[in-house]
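The values are calculated or read from the model by the stated rules, or taken from the named source; none is laboratory data. Values in this document were obtained by computation on a predicted structure and should not be read as measured data. In this analysis, Cβ positions are derived from the backbone assuming ideal geometry, glycine residues included, and neighbour counts consider all displayed protein chains. Accessible surface areas use protein heavy atoms only, side chains included; no ligands, DNA or RNA. Shrake-Rupley method; radii C 1.70, N 1.55, O 1.52, S 1.80 Å.
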Amino acid sequence: MRHLFNQITRALSMGLILCGMSSLALAADSGVGTWPTQKPIRLIAVFPAGGSVDQVARILAPALQAELKQNVIVENVGGASGVIGTAAMTRAEPDGYTFAVVFDTHGVNPSLKDKLPYDTIKDIAPVSLIGTSPMVLVASKASGIKTFKQLVEESKAGKKFSYGSIGIGSLGHLAIARLAKTAGFDWIHVPYRGGGPLMQDVLGGQVPLGIGSQFLVMPHIENGGVVPLVITTAKRSPELPNVPTVAESGFPGFNAPAWWGLLAPGKTPPAIVNAMNAAVNKALKNPAVSEKFKAQGIQIVGGSPEVLGDFVGKQIAIWGKFVIENNIKDSQ
């Protein structure tokens, strides 16, 4: 009996060893090696704390941590419309332990900046298109503006307005600049270093108008701090059903969604990029994550790295043309 028990024990032990060897072989075959077991993963949010990029990163991080069984640490590296944080990501070792969450400015910066410290195509690997969202033009309570119609009428009458965005060349800046140019409004752009500082000044009345993603402005709309005037997507937002679109307010065809993406250093092994992409897709399907994004007006996209790569290429073409034609520059 004891002999039989010893044989069974040895057989089970050998089976466990073989299973372990098989798992290691599969890991090796997948090309990811020991990733992501070696150290915590750094998730660079390329705008300051308080803005939508920071919030998206902090919603995504714990879900990725659960998927990857590794600590995921969010680090804010803001400045220059996302360039400083993106550059920090490109300088990191391409070992799968540094990624960056970027905003729509990423597709504009190649045309906006005279000299980027990286090549947007060659030095960066797209990982995942996290999602898109309407942007919302809001008014401070101090401005006295209650509706977009009122704003248009006063602008046509010659009144000057200033509007804040998260920076020169941000999609919010370009969208409103295109609107103002089309309508002939005398609006002055006030750039901020991120969504947090922008909303602080709109709430305080230091700037009468602000343009930001629905994700950024929604909490302030809900608590009555700002007045939503109009959204930038072709269709109304389910979360803001009473707020008209720019397109239905006298400017047909207007459509400018905000977006967020996850990037890696350009030489990151494709197997690791694909593995991280799979983890992000799983995280985005997590009900707790998807509900948080949905509540703030973000439509989850996900998909393959190629989805983000193609999307960024189209954004560069669309908004780069507007930047060049209107000689918009940012020396930062």
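Quick look at the numbers
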quantity: Matching residues, segment 252-270, being over 10 Å from Val127 (Cα atoms), open to solvent by 30 Å² or more (accessible area, probe 1.4 Å) and in contact (Cβ under 8 Å) with a residue 24 or more places away in the chain; calculated: Pro257, Gly266, Lys267, Pro269
quantity: 2 or more residues closer than 20 Å to Pro265 by Cβ: qualifying strands (runs of 3 or more DSSP E) within segment 89-152; calculated: 98-102, 124-133
quantity: Number of the condition not met by Gly297 [criteria: (1) assigned to a helix (DSSP H, G or I); (2) in contact with a strand residue (DSSP E or B) (Cβ under 6 Å, 6 or more places away or on another chain); (3) more than 16 Å from Gln65 (Cα to Cα)]; calculated: (1)
quantity: Tabulated pairs, segment 208-227, first farther than 18 Å from Asp104 by Cα and in contact (Cβ under 8 Å) with a residue 60 or more places away in the chain, second among the hydroxyl-bearing types (Ser, Thr, Tyr) and open to solvent by less than 10 Å² (accessible area, probe 1.4 Å), C-beta under 8 angstrom, 6+ apart or interchain; calculated: Pro208/Ser140; Pro208/Tyr163; Leu209/Ser140; Leu209/Tyr163; Val226/Ser140; Val227/Ser140
quantity: Candidates Leu43, Leu60, filtered to the one that is part of a helix (DSSP H, G or I), open to solvent by less than 20 Å² (accessible area, probe 1.4 Å) and either within 27 Å of Ala288 (Cα to Cα) or modelled with pLDDT under 95 (or both); calculated: Leu60
quantity: Filter result (open to solvent by less than 10 Å² (accessible area, probe 1.4 Å) and without any contact (Cβ under 8 Å) to a residue 12 or more places away in the chain) within segment 155-178; calculated: none
quantity: Conditions (1) in contact with a helix residue (DSSP H, G or I) (Cβ under 9 Å, 6 or more places away or on another chain); (2) open to solvent by 10 Å² or more (accessible area, probe 1.4 Å); (3) part of a helix (DSSP H, G or I); (4) not basic (Lys, Arg): number failed by Glu306; calculated: (1)
quantity: Hits in segment 218-232 - residues which are modelled with pLDDT under 95 and crowded, with 16+ Cβ neighbours inside 10 Å; calculated: Met218
quantity: Options Gln214, Gln200: the member that is out of contact with any helix residue (DSSP H, G or I) (no Cβ under 7 Å at 6 or more places or on another chain), surrounded by 22 or more Cβ atoms within 10 Å (Cβ to Cβ) and outside the structural domain of Val72 (by the TED database); calculated: Gln214
